[in-house]
Amino acid sequence: MSGDPIVIVGAGHAAMALCASLVDAGHGPRVCLVGDEDALPYQRPPLSKAFLKNPDEPAQPLRDAAWFAAAGVQCLLDDPVQSLDRQAHSLGLRSGRSLAYGQLVLATGARARRLPGWPAASNVHVLRSAQDARALREALAACRSLTILGGGFIGLEVAATCAALGKPVTVLEAGPRLMGRAVSEALSAHVLAQHRAAGIRIELLAEVGAPSFSHQRLVRLDGASGAYAVDQLLLAIGAQPNTELAEAAGLACADGIVVDGLQRTSDPQILAIGDCTRFAWRGADLRLESIQNAQDQARVAAATLLGGSPQPYQPLPWFWSEQGSMRLQMVGLLDPGPVRTVQRAGAQPGSFSLFHFQQELLRCTEAVNAPADFMVARKLLEAGVQPTPERIADPAQPLRTLLPAAG
Ligand SMILES: Cc1cc2nc3c(=O)[nH]c(=O)nc-3n(C[C@H](O)[C@H](O)[C@H](O)COP(=O)(O)OP(=O)(O)OC[C@H]3O[C@@H](n4cnc5c(N)ncnc54)[C@H](O)[C@@H]3O)c2cc1C
């Protein structure tokens, strides 16, 4: 068994980060990456941003084929893993190939959520892969208008892109505010006002009822306040983790593959990383969908695989989103309970940051076109340095002077 490879299932961001750590540690020739897409790992964030604007923009590989060849990493692409036999330490691939593993890491990510009962329709899109993005880009080039179900990050990024392309766009959000699961009310309100000012039609508390299809196209959605005629539609209603393989193999899953702080599943011989995982943190259950989480969990998994004594994963979640002229950056997470928010103006006109305190502790910062303030907040949280709300609020005192001296 010891000669068998470290197999990573999934060839996305988390798999790539793990692969890079293992290569850096000199273990490239032991690594085998198995993916279901027909491409080497590539950047997903641009798919809702630059990629949609430019018909010639290619997907950006995270590393090219020459890197994998030089590192000795074996890549099996376009060949999903369909079964996992934990007793035999082997995987069954769609091609019929059977793959033995010495150590196994599941990095199967998540997929775009769809609506139950909707038949396939040529004008209904989701956005998770480069293939999805190509189809959406072609549709946008020819469409009269786009309707987006869901006012989360991906829906709003696409809405802003669509508006920049001069296409009418409507966002239908079921909740009372935009990005309601991820950002503060103040940031939701700011983003709503900016998008509306840019000509994007946004309806909140938009209840969407029965869809009408004709000739494999969605033509109309009934809503509480009337019917919405549909030309092209993007379903941007969240993602669901790809846990089927783990579940069928009997691993503990709960809307995500359950992992401990060392990225071990309920079978300690098998690790999992990235969007497909769920873990306990600060007394809650978390599943994060971000590049930060994919990269940081991959680093912990590499140390676990190589027999080091890694620090258990202690996430400092951070995320960014580009929506038209707004670059949003967030770091930290709020706990349930009262929040005191301090707003600080940024260096550019219209830019600002929101510093959220709970029980006098800085828990989270949201920055709008204020990257320098975001970086200071991130470093403060990383270093465990706690500023007072009064100090943050004082415009005469530069934020960077709060940072501990380097070295
Ligand atoms: C359009 C878009 C924009 C985004 N923008 C941002 C952003 O601005 N900032 C940010 O932090 N994050 C962003 N994200 C989220 C970020 O891309 C994800 O958090 C990250 O890709 C997670 O990495 P992962 O490896 O866990 O999953 P993925 O990158 O999804 O990779 C998982 C891979 O595993 C494959 N797979 C699944 N099952 C199998 C199987 N059985 N066999 C083989 N392969 C399998 C999947 O098809 C996929 O290729 C964005 C995501 C999308 C879709």
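Here are a few things to note about the model shown:
- Number of residues in the range 247-284 that are in a loop (DSSP other than H, G, I, E, B) and either at positive phi or basic (Lys, Arg) (or both) equals 6.
- Of residues in the range 384-400 being outside any helix (DSSP H, G or I) and within 30 Å of the chain's Cα centre (by Cα), the one surrounded by the fewest Cβ atoms within 10 Å (Cβ to Cβ): Gly384
- Complete set of residues in the range 36-60 that are closer than 24 Å to Ala236 by Cα, within 13 Å of the ligand (Cβ to nearest atom), of a type outside the set (S, T, N, Q) and without any contact (Cβ under 8 Å) to a residue 60 or more places away in the chain: Asp36, Asp38, Pro41, Pro46, Ala50
- Residue among Ala189, Ala141, Ala159 that is touching a residue at least 12 places away in the same chain (Cβ under 8 Å), among the aliphatic types (A, V, I, L, M), closer than 25 Å to Arg44 by Cβ and surrounded by fewer than 16 Cβ atoms within 10 Å (Cβ to Cβ): Ala141
- Segments classed as helices (runs of 4 or more DSSP H), wholly inside the range 1-116, with at least 1 members that are surrounded by fewer than 21 Cβ atoms within 10 Å (Cβ to Cβ) and modelled with pLDDT under 95: 50-53
Matching residues to (1) touching a residue at least 40 places away in the same chain (Cβ under 8 Å); (2) more than 8 Å from the ligand (Cβ to nearest atom); (3) not polar (S, T, N, Q):
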| position | (1), (2), (3) |
| --- | --- |
| Arg278 | no, yes, yes |
| Glu289 | yes, no, yes |
| Gln297 | yes, yes, no |
| Leu306 | yes, yes, yes |
| Pro315 | no, yes, yes |
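- Any hit, the range 252-263, residues being under 26 Å from Leu149 (Cα atoms) and either touching a helix residue (DSSP H, G or I) at 6+ places or on another chain (Cβ under 7 Å) or touching a residue at least 60 places away in the same chain (Cβ under 8 Å) (or both): yes
- Selection status of Leu251, within 16 Å of the ligand (Cβ to nearest atom), closer than 30 Å to Val208 by Cα and not small (Gly, Ala, Ser): no
- Scanning the range 285-308 turns up one or more residues that are in a loop (DSSP other than H, G, I, E, B), basic (Lys, Arg) and surrounded by 13 or more Cβ atoms within 10 Å (Cβ to Cβ).
- Residue in the range 263-270 that is surrounded by fewer than 18 Cβ atoms within 10 Å (Cβ to Cβ), at pLDDT 95 or above and not acidic (Asp, Glu) present: yes
The values are calculated or read from the model by the stated rules, or taken from the named source; none is laboratory data. Given the structure is predicted, the values throughout are model-derived calculations rather than measurements. Cβ atoms come from the backbone with ideal geometry, glycine included; neighbour counts cover every protein chain shown.
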